[in-house]
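One structure is given here, and the rest of the page talks about it.
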Amino acid sequence: PPRRLAVGLGERGYEVVVGPGLLARAGGLIAPVLPARRVVVVSDAAVAPLHLPALREGLAAAEVKVLAEIAVPPGEASKDFARLQDVLEAMLAAGLDRRTAVVALGGGVVGDLAGFAAAVAMRGVPFVQVPTTLLAQVDSSVGGKTGVNLRAGKNLAGAFHQPRIVLADTDTLATLPPRELRAGYAEVAKHGLLQGPLWDWCERHGAEVIAGDAAALTHAVLESCRLKGAIVAADEREESAEGGRALLNLGHTFGHAIEAEAGFDGSVLHGEAVAVGLGLAAALSARLGHCSQEWPSRVIAHLAACGLPARLADLPRRFALEGLMGRMAKDKKNRDGAMRFVLMRAPGDCFTSSEVPPEAVAALLRDEG
Ligand code: NAD
Ligand code: ZN
C-alpha cells in the first residue's frame, strides 16, 4: 500500500505519496487537490514511452482530461529558456487556463522545467510532480525550487513554486539505468547523515535500495522527503544564514566543484560527485576535530558498498587542486566571499561553517587526490 506524508510547504501544504502502482491511480490521487480535472503533462522523450501510457490510463480512470502531452529531449540541455518558451507555447496552444494543472512526469530536469513553466504560465497555474528518478523522488520534487540554466550557471533563472501533490511511484524506478539509481541514492545517504537514524537504516538496507527492492525504496523515499520537507518548511526561501536549507548542501560544496571541473559532460553524475563530496565532508570534519576519525571511513565504506565513488581517486579522471579550489571559492552559496561547508559531528548532528581555513581544504584535497 502507498504511504503518505504531509509537508508544510506552500500556501496549504501538500502530500507526498510514495509506493508502487501510483501511476494507475494518479487521477484519483490528484483530482481532489486540483481546481479542475484538466492537465497538461510534460515529460521527456525517454520517459514518455515507458511511463506515460500508465499515467494516461490512471488520469482517464478518474476523468482527468489531458489537454496536451509535451515531451522535451532527455538531458540537462532541456533546462533552457528557449525550451521553456516551446513548452509554454505548446501549453497555451492546447488551451491551458488558470485552472489547468501542469503534471511533470520525469526526472529532475522535467520537474524543474515544467515547474518553472507552471510558475510563470499565466502568472502561475497548479503543479503536480510525478518524479521518475530516485534523485527526483528523494530530492528535487519536494521543496518548490524550479528553474532553468543560464550561460552564467546552473539554475540561475527560476521561481519557488510548490506542487499541489507529489506522486513518487517506486515502480517507475525499475526502468531507470542502475547508475542513475545509485547516483540518486547518494542524496538518500546525505539525508541519512543529516537526520541520524536514517543513516543507521542506510547502513543496514542501502543494498536493498540499490537492488530496487520496493519496500526499501518506499522507506528511503518517504524518509528522505520527510527530512527534506521539514528542513525546507523551516526555511522555505533559503534565507537562513546557517542551518535551514543550507544544510541540504552537505557534500555539495565539493560535489559542485567536481561537477563543474568535469564540465557537466556526463562522466561524473551529480549524485556521484555528491557521494565523493560526502566522503570529503566527513574527512574534513574529522581533520578539523569535529567528528571522530571513524566517520570518514564509515561514510566512504557505505557509499563504496553501494557502488558509488566515495573518494576522488574513485572517479574516472583526476582533477587539479587549483581547479577545485577555484570553483569552491566561487560557489554561489558562499556568503561574503568565504567558502561555506556543511560539517558533521556525527550523523544527525551537522552544521554549516564559513570558517574553514582554505589551507585545510587544500591539504585534504592534496592528500586525497
Ligand atoms: P534527469 O531528469 O536528466 O534524468 C536522468 C536520466 O534518466 C534522463 O536521461 C531521463 O530521461 C532518464 N529517466 C528518467 N526517469 C527514468 C525512468 N523511470 N526510466 C528510465 N529512464 C529515466 O536527471 P535527474 O538526476 O532526475 O535530475 C537532475 C536535475 O535535477 C538537475 O537539473 C538538477 O539541477 C535538478 N535538481 C533540482 C532540485 C530542486 O530542488 N529543484 C534538486 C536537485 C536537483
Ligand atoms: Zn544534490
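The values are calculated or read from the model by the stated rules, or taken from the named source; none is laboratory data. These numbers come from a predicted model, not from an experiment. Virtual Cβ from ideal backbone geometry, glycine too; neighbours counted across all protein chains shown.
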Of the residues in the stretch 163-193, those that are out of contact with any Ser or Thr (no Cβ under 8 Å at 6 or more places or on another chain), farther than 21 Å from E76 by Cα and in contact (Cβ under 8 Å) with a residue 60 or more places away in the chain come to R164, I165, L167, D171, A189, K190, G192, L193
Scanning the stretch 207-221 residue by residue, the ones that are surrounded by fewer than 24 Cβ atoms within 10 Å (Cβ to Cβ) and either on the phi > 0 side of the Ramachandran plot or part of a helix (DSSP H, G or I) (or both) total 9
The correct count of residues that are over 20 Å from R237 (Cα atoms) and of a type outside the set (A, V, I, L, M) in the stretch 107-162 is 6
Does any residue of the stretch 112-124 turn out to be within 15 Å of ligand 2 (Cβ to nearest atom) and either in contact (Cβ under 8 Å) with a residue 24 or more places away in the chain or outside any helix (DSSP H, G or I) (or both)? yes
The condition of being assigned to a loop (DSSP other than H, G, I, E, B), modelled with pLDDT of 95 or more and of a type in the set (S, T, Y) holds, among S267, S292, S224, only for S292
Take V142 and tell me if it is assigned to a helix (DSSP H, G or I), within 16 Å of ligand 2 (Cβ to nearest atom) and closer than 30 Å to A305 by Cβ.
no
So, first residue touching a residue at least 60 places away in the same chain (Cβ under 8 Å) and more than 18 Å from H256 (Cβ to Cβ) in the stretch 300-319, second residue surrounded by 19 or more Cβ atoms within 10 Å (Cβ to Cβ) and among the basic types (K, R), Cβ within less than 8 Å, six or more apart or across chains; the pairs are C306/R182; G307/R182
In the set E57, E63, the lone residue that is outside the structural domain of G229 (by TED's automatic domain parsing), over 20 Å from the mean Cα position of the chain (by Cα), loosely packed, with under 15 Cβ neighbours inside 10 Å and under 25 Å from L217 (Cβ atoms) is E57
Within the stretch 187-206, restricting to residues that are away from ligand 1 (no atom under 16 Å from the Cβ) and aliphatic (A, V, I, L, M), the one that is surrounded by the fewest Cβ atoms within 10 Å (Cβ to Cβ) is L198
T218 fails exactly one of (1) within 11 Å of ligand 1 (Cβ to nearest atom); (2) more than 30 Å from S354 (Cβ to Cβ); (3) polar (S, T, N, Q), namely (1)
Of L284, L280, L247, the only residue that is assigned to a helix (DSSP H, G or I), surrounded by 24 or more Cβ atoms within 10 Å (Cβ to Cβ), touching a residue at least 40 places away in the same chain (Cβ under 8 Å) and within 16 Å of ligand 2 (Cβ to nearest atom) is L280
Q) Does L312 count as away from ligand 1 (no atom under 16 Å from the Cβ), not assigned by TED's automatic domain parsing to the domain that holds V138 and not small (G, A, S)? A) yes
Within the stretch 231-255, of all residues that are of a type in the set (G, A, S) and in contact with a strand residue (DSSP E or B) (Cβ under 8 Å, 6 or more places away or on another chain), the one nearest to L198 (Cα to Cα) is G251
Any chance the stretch 201-213 includes a residue that's away from ligand 2 (no atom under 15 Å from the Cβ), in contact (Cβ under 8 Å) with a residue 24 or more places away in the chain and touching a Ser or Thr at 6+ places or on another chain (Cβ under 8 Å)?
no
Given the conditions (1) surrounded by 24 or more Cβ atoms within 10 Å (Cβ to Cβ); (2) more than 19 Å from D171 (Cα to Cα), every one holds for V130 apart from (2)
Before we move on, is G184 within 15 Å of ligand 1 (Cβ to nearest atom), in the same structural domain as R327 (by TED's automatic domain parsing) and under 22 Å from A273 (Cα atoms)? yes
Do we find that V188 is touching an Asp or Glu at 6+ places or on another chain (Cβ under 9 Å), outside any helix (DSSP H, G or I) and at pLDDT 95 or above in this structure? no
Checked against (1) surrounded by fewer than 24 Cβ atoms within 10 Å (Cβ to Cβ); (2) more than 16 Å from ligand 2 (Cβ to nearest atom), R182 satisfies every condition except (2)
- Are any of the residues in the stretch 86-106 of a type outside the set (D, E, K, R), buried (at least 21 other Cβ atoms within 10 Å of the Cβ) and under 30 Å from L343 (Cα atoms)? no
**Asked** Can N155 be described as within 14 Å of ligand 2 (Cβ to nearest atom) and under 16 Å from L84 (Cα atoms)?
**Response** yes
Worksheet item: So is A346 surrounded by 15 or more Cβ atoms within 10 Å (Cβ to Cβ) and in contact with a Gly (Cβ under 9 Å, 6 or more places away or on another chain) or not?
Response: yes
